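The values are calculated or read from the model by the stated rules, or taken from the named source; none is laboratory data. Since the structure is predicted, the reported quantities are computational estimates derived from the model, not experimental observations. Cβ placement follows ideal geometry from the backbone for every residue including glycine, while neighbour counts extend to all protein chains displayed. What goes into the accessible areas is simple: the full protein's heavy atoms, side chains included, and nothing from ligands, DNA or RNA. Shrake-Rupley method; radii C 1.70, N 1.55, O 1.52, S 1.80 Å.
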2 protein chains.
Amino acid sequence: MASDIVIEPLTATAFATFGEVLEIAGSPSVTINRGKCHRYHDLATLDIHDGNAGISLFEGTAYNLPLTLDLVERHPLGSQAFLPMSNAPFLVIVAEDEAGKPVRPRAWLTNGWQGVNYYRGIWHGVLTPLQEPAVFSVVDRIGDGSNLEEFKLDPPYRVVDTNGLVSSMVSA
Amino acid sequence: MASDIVIEPLTATAFATFGEVLEIAGSPSVTINRGKCHRYHDLATLDIHDGNAGISLFEGTAYNLPLTLDLVERHPLGSQAFLPMSNAPFLVIVAEDEAGKPVRPRAWLTNGWQGVNYYRGIWHGVLTPLQEPAVFSVVDRIGDGSNLEEFKLDPPYRVVDTNGLVSSMVSA
């Protein structure tokens, strides 16, 4: 029987081991354009080896809950940032590493205005939008060579909305 | 009397001299995640001198039309990309350069799912959202030194929605 992962609200503190939450929080770094624009400066650690950072767009298919989590992946050569283009909440799934294996997976729900930047080498689930259209700005490594390591979870986990977080925020 | 700039729909072709339109167009570069995600790969030329590319968030105030355009700016040390987080159309204003002065300004309206990447050194208007909340993912140069050149337009221009493009797309 699959173990359950209960979805929690994403916070920068909870996520700190795995990466950065990219969001408007606290005071702006600087206000520009005659007071009309607040800049929150340099929020992500772009940790790119043997290549360059670049911007791509991802267009995803929405997932339904409960979700079977049977695969995670990691990128040994670079961090990877996802920022929604449609202020829609999405799932952020990560796992700790123990001797090269993903353990203790967790799942968070963004609030719609949050992006994330996975640190280089962090085990994470694939992009998991919950509604469509699901278009994301992605800033990650552009370069040759193998930057993808996958790990099958056997038995799989089951990601559940026991606390009703998703059903209260996402209009399918 | 101010000259009028009539807002046009943004297209990659029209914008090509000034930068790149970051959008889902054509066939995906690759499809990943068991067919659930299309990747449109490496859409922006990150042209960063004397610093590094980084991710910031901008939170802007909406502008009303007609808009008085009395200032443009350019960044001599780096390209600058804007991607909306709320699939809302915004204005993209640029000008050509003639002997260090901005000339022949133009204004485009995005379709809500488009971002732009201004090439390094291109004269452009400040971030011009038309509705709120207006949060943008920005990928530009992070570094010390002066990377901002401003130019006052005297007399100013007036950006107008003569063809009704904005009023048909933007719900204020």
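How many Cβ atoms of partner chains, on average, are near each residue of A:133-145 if near means within 10 Å of its Cβ?
Working: counts 3, 2, 7, 3, 13, 5, 9, 2, 0, 4, 1, 0, 0.
Per residue, the number of nearby Cβ atoms from other chains is 4 on average.
Under a Cβ-Cβ cut-off of 9 Å, what is the net charge of the residues other than residue A:12 that fall near it, where Lys and Arg count +1 and Asp and Glu count -1?
-2
For segment A:130-143, in order, what is each residue's ³J(HN,Hα) by Karplus, 6.51 cos²θ - 1.76 cosθ + 1.60 with θ = phi - 60°, in whole Hz (x at glycine and Pro)?
Rounded to whole hertz, the list is 10, 8, 10, x, 10, 10, 10, 7, 10, 10, 8, 6, 10, x.
Give the accessible area for residue B:85 in Å² (nearest 10); use a 1.4 Å probe, count only protein heavy atoms, and leave out ligands, DNA and RNA.
Rounded to the nearest 10, that gives 0 Å².
Using a cut-off of 24 Å between alpha-carbon atoms, which lysines can reach residue A:101, once sequence neighbours fewer than 8 places away in the same chain are excluded?
A:152
How long is the gain from residue A:131 to residue A:45 if the chain were fully straight, where each residue apart is worth 0.36 nm and the alpha carbon distance is subtracted?
Going from the current span to full extension adds 28.2 nm.
Output wanted: per-residue J couplings in Hz (rounded whole) for segment B:32-41, from phi through Karplus 6.51 cos²θ - 1.76 cosθ + 1.60, θ = phi - 60°, x for Gly and Pro.
10, 6, 6, x, 8, 8, 9, 9, 9, 8
At residue B:97 and residue A:64, where each label point lies 7 Å from the Cα along Cα→Cβ, what is the point-to-point distance in nanometres?
Rounded to a tenth, the inter-label distance reads 5.5 nm.
Can you give me the C-alpha center-to-center distance between segment B:72-90 and segment B:125-172, rounded to a whole angstrom?
Segment B:72-90 and segment B:125-172 have Cα centres separated by 8 Å.
Could you give the nm distance between label points at residue B:14 and residue B:27, where each point is 7 Å from its Cα heading toward the beta carbon?
Each label point is offset 7 Å from its Cα along the Cβ direction, giving 2.9 nm.
Around residue A:142, which amide H atoms from residues at least 5 apart in sequence, or from another chain, sit under 5 Å from its own amide H, with H modelled in the peptide plane?
Placed amide hydrogens put A:52, A:53, A:54 under 5 Å from residue A:142.
For chain B, what relative contact order do you get, as a whole percent, if you take Cα pairs closer than 8 Å and at least 6 residues apart? The partial results should precede the final answer.
On the way: 408 pairs, mean separation 63.0, N = 172.
So the answer I get is 37 percent.
Out of the total accessible area of segment B:3-169 (probe 1.4 Å, heavy atoms of protein only), what percent is carbon and sulfur?
48
Treating the point 7 Å from Cα along Cα-beta-carbon as the label, what are the nm separations from residue B:168 to the other copies, to one decimal?
In nanometres, ordered from closest: 4.2.
Going 7 Å from Cα along the Cα-Cβ axis for the label, what nanometre distances separate residue A:151 from the same residue across the other copies?
Spelled out, the distances from residue A:151's label point are 5.4 nm.
Hey, can you grab everything whose amide H is under 5 Å from the amide H of residue B:69? Only 5+ residues off in sequence or another chain; H modelled, so Pro and N-termini drop out.
Close amide H contacts, sequence-distant or interchain: B:157, B:158, B:159.
Sum -39500 (n - 2.57) across every DSSP H segment of at least 4 residues in chain A, then divide by the residue count to get the 222 nm mean residue ellipticity, nearest 500. Mind dumping the intermediate values first?
Details: 2 runs with 9 residues, N = 172.
Only helices count here, giving -1000 deg cm²/dmol.
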